[in-house]
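The values are calculated or read from the model by the stated rules, or taken from the named source; none is laboratory data. All values reported here derive from a predicted model rather than from experimental measurement. Using ideal geometry, Cβ is built from the backbone for each residue, glycine included, and neighbour counts are taken over all protein chains shown. Calculation scope for accessible area: heavy atoms of the full protein, side chains included, ligands and nucleic acids excluded. Shrake-Rupley method; radii C 1.70, N 1.55, O 1.52, S 1.80 Å.
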Amino acid sequence: MSLYLDIETIPTQSAAIREKIAATVTPPGNISKAETIAAWEADKKPALVKEAVAKTALDGAYGQVCCIGWAFDAQPAKASVAKDIGERDLIEQFLGEAEQYVQAKRGHAPTIVGHNVVNFDIRFLWQRAIVLGIRMPGWFPRDPKPWGHETFDTMTAFAGIRGMVGLDKLCEALGIEGKGDIDGSMIGDLWAAGEIERIVEYCKADVERARTVHRRMLIAFGEAA
């Protein structure tokens, strides 16, 4: 049983954390004159602060899950978003639906499949669960190994344990439709602009892409017809 998984994340939404990050962005050491520092803070600092805040989307301590996409086996991909229900309820809703499916399959733990799912999606969900006080189900892998049976990471399967390959590049190599005009780095800006439906559709499409790649790999590995 396979659970295809993809999450979308956004930078910290906390004003206090944003202010803390902004305070760490300081002028270069070779700038000492007051007027030069003032000019740097007016011209350069805002962009640097924005860049630093944007990086928290990859940090489970500060960033947040805004959308979760998933599909069991051959079921259609679905996605839920945190727009109206909040991040905690979003994660718990996903886990609840997944738990129902697992119990319907007599409690057999699924293999979680995704692109860079071991080092990002699974890890980020655990980090947010710890921060938010969410109890994770027993079947959800806590510290999976890329070569284990708990997960199937399409990036590792193609590039090796220490290698990296983007899903879009991999899809191009396999003749699979790619991501188009959106990538993960744009999710924060799309969220801020209220383009929620574009995030949902992008997330579901990534689930479908990962599933298609996974099936192609299984054929190569002699594990599927």
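At-a-glance table
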read-out: Segment 98-142: number of residues that are within 23 Å of Leu58 (Cα to Cα) and either in contact with a helix residue (DSSP H, G or I) (Cβ under 7 Å, 6 or more places away or on another chain) or not basic (Lys, Arg) (or both); value: 26
read-out: Single match in Ala38, Ala54 (criterion: at pLDDT below 90 and either assigned to a helix (DSSP H, G or I) or out of contact with any Ser or Thr (no Cβ under 9 Å at 6 or more places or on another chain) (or both)); value: Ala38
read-out: Unique match (being assigned to a helix (DSSP H, G or I), aromatic (Phe, Trp, Tyr) and either over 22 Å from Leu3 (Cβ atoms) or open to solvent by less than 80 Å² (accessible area, probe 1.4 Å) (or both)) among Phe120, Phe152; value: Phe120
read-out: First in segment 41-66 and without any contact (Cβ under 8 Å) to a residue 40 or more places away in the chain and under 16 Å from Met186 (Cβ atoms), second anywhere and assigned to a loop (DSSP other than H, G, I, E, B) and open to solvent by 10 Å² or more (accessible area, probe 1.4 Å), Cβ under 7 Å, 6 or more apart; value: none
read-out: Segment 98-113, subset touching a residue at least 12 places away in the same chain (Cβ under 8 Å) and of a type outside the set (Val, Ile, Thr), residue most open to solvent (accessible area, probe 1.4 Å); value: His108
read-out: Set Glu172, Glu201: member being among the charged types (D, E, K, R), open to solvent by 70 Å² or more (accessible area, probe 1.4 Å), in a helix (DSSP H, G or I) and touching a strand residue (DSSP E or B) at 6+ places or on another chain (Cβ under 9 Å); value: Glu201
